[in-house]
Structure formats: structure tokens, C-alpha cells
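Input: a single structure, listed below in C-alpha cells.
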């Protein structure tokens, strides 16, 4: 994992629509919540992302952007987003496989997927909070709310 108060690794990934999303696009204007998850369509990941969808206003507004990242292919992410009506970008860390997940220290080489981890990055690109859960363990969204409230 990374160190709190250090610059977050930059990246540019394609979202489920094939559009480039770059971390530096948010610099100076919005905090970023990065939600790494192992697999689209899996039970725990689907449950978590649908919970975030249902409470989306708590995690994304004019001051904060939420970006979800997995090593799934862009086309799988598109089908997943459409099926579950997910209103936030699903970013594909498919190729080079797991490059961004590795930069954040959460790539599981044994399984070939992102771990289940969350990073909060402030407007200046500095890491302010992080948590990693075991792959089968869902996150507690109340932790996100508390951290985001401290940033604003």
C-alpha cells in the first residue's frame, strides 16, 4: 500500500465507454475516491457497487468524483454498468494487465485481479486515506463518508 500524505500515482485508463479518464483531470477541482474491486459480475463486487450506486450522492458531487477500477476488459465493464445501472466510471486496468492496481499496491498476482481497496485523493493529488479489505469482505461505506466530510 501507499503512504498517507504522498502523491498518488498518476494514471490514465479507459472507462466502460472507451473514454480516457486521467487522475490529473481532477487536480485542483475535485477529490477522488478510487474504488478497486476484483471482478465485475461477482457477488460481493456487485453488491458493493450497487450500494454505492444507491447512495451515490454521498460519494460524488461537485467536490468529489468516484472512480471504480478493476482488471476486467472495457466491454465486460460496459455490460456490467448497463445491467446494474451504475452512474460512475468503471475503469479498465486490463492492459497492461493490473498496471494501475500494481502502482497502488493492490494487484493480486495469484488471482490476476485488483484487490478490494479504496483510496481517497485530495484535490492536490495527495493520498489522504486508504483501506484494503480481504477479497470476500465488503467495505463499510460509512468510513468513506467520514473521510470525505473531513476533506471538505
quick note, the chain, DSSP beta bridge pairs, % antiparallel (nearest 5) is 70
What is the Rg over Rh value, at two decimals, for the chain, using alpha-carbon atoms and the Kirkwood definition of Rh?
-> 0.92
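Divide by every residue of the chain the summed helix terms, -39500 (n - 2.57) for each DSSP H run of at least 4, and state the resulting mean residue ellipticity at 222 nm, rounded to the nearest 500 deg cm²/dmol.
It lands at -7500 deg cm²/dmol.
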Using only alpha carbon pairs under 8 Å that are at least six residues apart, calculate the relative contact order of the chain and give it in whole percent.
-> 31
Would you please classify the overall shape of the range 46-132 from the alpha carbon gyration tensor, given that a ≥ b ≥ c denote the square roots of the eigenvalues, rounded means a/c under 1.5, and beyond that prolate means a/b larger than b/c while oblate covers the rest?
-> oblate
Neighbouring Cβ atoms within 10 Å as the yardstick, rank 50, 113 fewest first.
-> 50, 113
For 135, 52, 69, order by how many other beta-carbon atoms lie within 10 Å, fewest first | 135, 52, 69
Would you mind computing the Rg to Rh ratio of the range 37-77 from its alpha-carbon coordinates, Kirkwood style for Rh?
-> 1.00
Determine, for 95, 129, the number of other Cβ atoms within 10 Å of each Cβ, and report the residues in order from fewest to most.
-> 95, 129
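Every read-out reported here was derived from the displayed coordinates using simple, explicitly stated rules and does not represent laboratory data. Here the structure is a predicted model, which means the values were calculated and not measured. Every residue, glycine as well, gets a Cβ built from its backbone with ideal geometry; the counts of neighbours run over all protein chains shown.
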